[in-house]
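Take a look at the structure below.
The values are calculated or read from the model by the stated rules, or taken from the named source; none is laboratory data. Being a predicted model, the structure only gives us computed values, none of them experimental. Note that we place each Cβ from the backbone using ideal geometry, even for glycine, and neighbour counts take in every protein chain shown.
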Amino acid sequence: MSRGALLVAVALTAVCSLFVSSGTAWAAANWTVKVATVNSGEAKAQALPAAPVATSACTTPASARTVKVSWAAITHATTYGVYQATTSATGTYTLVMSVSTTSWTSGVLATGHYWYEVKANIGTNWASASSTATAERTTTSSACS
Amino acid sequence: MTVKTTRWSRRAKVVSAVCGSLLVAAGAYAATNWVVGLNGSSSGEGQSATIANLSITAVATPAPGNVLFPGNTGDVVVTIANPNSYPVTISAVNLPTSTTQAGGFTTSALSTAQTGCSTTTSGVTWNFATTTSGSSHSLPTALTVGASGAANNPLVVTLANDAVMSTTSPAACANTFFSMPALTGITATGGAATSTTSPATSGWTS
């Protein structure tokens, strides 16, 4: 009788341990829970880049008929478009070069009067307004300092 | 000899009773918290009446610290509500495909759509999403949402740099708020755990 009771107890303990250990493993496992919503968070995009300021132009050297245009860097800008007009400050500006630096030097220009504006770009489609100052330069005026 | 037999019999009874109690308790515990299929990719929904789905929704406060611009990442702010009577710890999320885009809105209320910046044009997606829907991404630090009615439920979380904006995102998406695409699921465990203090910062990094 006593031996039988002992055997039952031992067997039950073994089964019990098995259940408890497997239950622990079960509990520790992960499951995938579906989320019952139509959106999952909010993000925000910054504004378009600010327009470059302090745009300047100088000839380099004075007699070489090339113009160097410079501007201040804009945060997050990946490229800058340099636009040129040849008739007036309010004339039609045409993109002459896209650069990733904060200055650009033209090729040899015909003697004359030129106006420059710069736009900052982020990625392919985000562009700033034109630079707040129009750089005006004749190819025979003062050289770069 | 007779006394010894009685003692063993009592011990056997005590062990049996304790063991039986443990079995009943384990069964009850399982029935309460863990009766959920463990199939990795399917939803817990409908598999057990005892597990209710979590809700993950957009929230405007706090504002994202890292904002999006073309070719870069930004924060996503979410609120996670747990309707269950026990804490739930989230260890990973499942993302929609990398082509599932967020829609743009004019304000943080996400009520008025931003013209030209829709779910077909925005270029804003979950960071690290793949071409396969349901890809799993682990959180470096697990998030535990308190039980229903307890502190830190809902839990507000900033998912750092977990949104990404394409370099070709249109200019119309500038200065815009985005409603991120719905997650396809989360990987979680339930049961006793210390809840994460709200607001929290987390986010997958791969």
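Some values worked out for this structure:
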item	result
Among (1) under 30 Å from B:THR167 (Cα atoms); (2) surrounded by fewer than 20 Cβ atoms within 10 Å (Cβ to Cβ); (3) at pLDDT below 85 - the single one A:ALA135 does not satisfy	(2)
Single unsatisfied condition, A:SER98 versus (1) among the small types (Gly, Ala, Ser); (2) farther than 23 Å from B:ALA172 by Cα; (3) surrounded by fewer than 16 Cβ atoms within 10 Å (Cβ to Cβ)	(2)
Candidate set from the stretch B:164-180 (those that are facing chain A (nearest Cβ under 7 Å), aliphatic (A, V, I, L, M) and under 12 Å from B:GLY74 (Cβ atoms)); member that is nearest to the chain's Cα centre (by Cα)	B:MET180
Total residues in the stretch B:147-206, condition hydroxyl-bearing (Ser, Thr, Tyr) and in contact with a helix residue (DSSP H, G or I) (Cβ under 6 Å, 6 or more places away or on another chain)	0
Residue match in the stretch B:108-121 (condition: facing another protein chain (nearest Cβ under 8 Å), in a strand (DSSP E or B) and either among the hydrophobic types (A, V, I, L, M, F, W, C) or in contact with a strand residue (DSSP E or B) (Cβ under 8 Å, 6 or more places away or on another chain) (or both))	no
Cβ-Cβ under 9 Å pairs, at least 6 apart or on other chains, the stretch B:112-137 side within 26 Å of B:ILE186 (Cβ to Cβ), far side crowded, with 20+ Cβ neighbours inside 10 Å and of a type in the set (Asp, Glu)	B:TRP126/B:ASP162; B:ASN127/B:ASP162; B:PHE128/B:ASP162; B:HIS137/B:ASP162
Residue within the stretch A:30-50 that is at the interface with chain B (Cβ under 8 Å from one of its Cβ atoms), exposed (fewer than 13 other Cβ atoms within 10 Å of the Cβ), under 30 Å from B:ALA60 (Cβ atoms) and modelled with pLDDT of 75 or more present	yes
Matching residues in the stretch A:51-107 - criterion: being away from chain B (no Cβ under 14 Å), within 15 Å of A:ALA129 (Cα to Cα) and aliphatic (A, V, I, L, M)	A:VAL53, A:ALA54, A:ALA72, A:ALA73, A:VAL82, A:LEU95
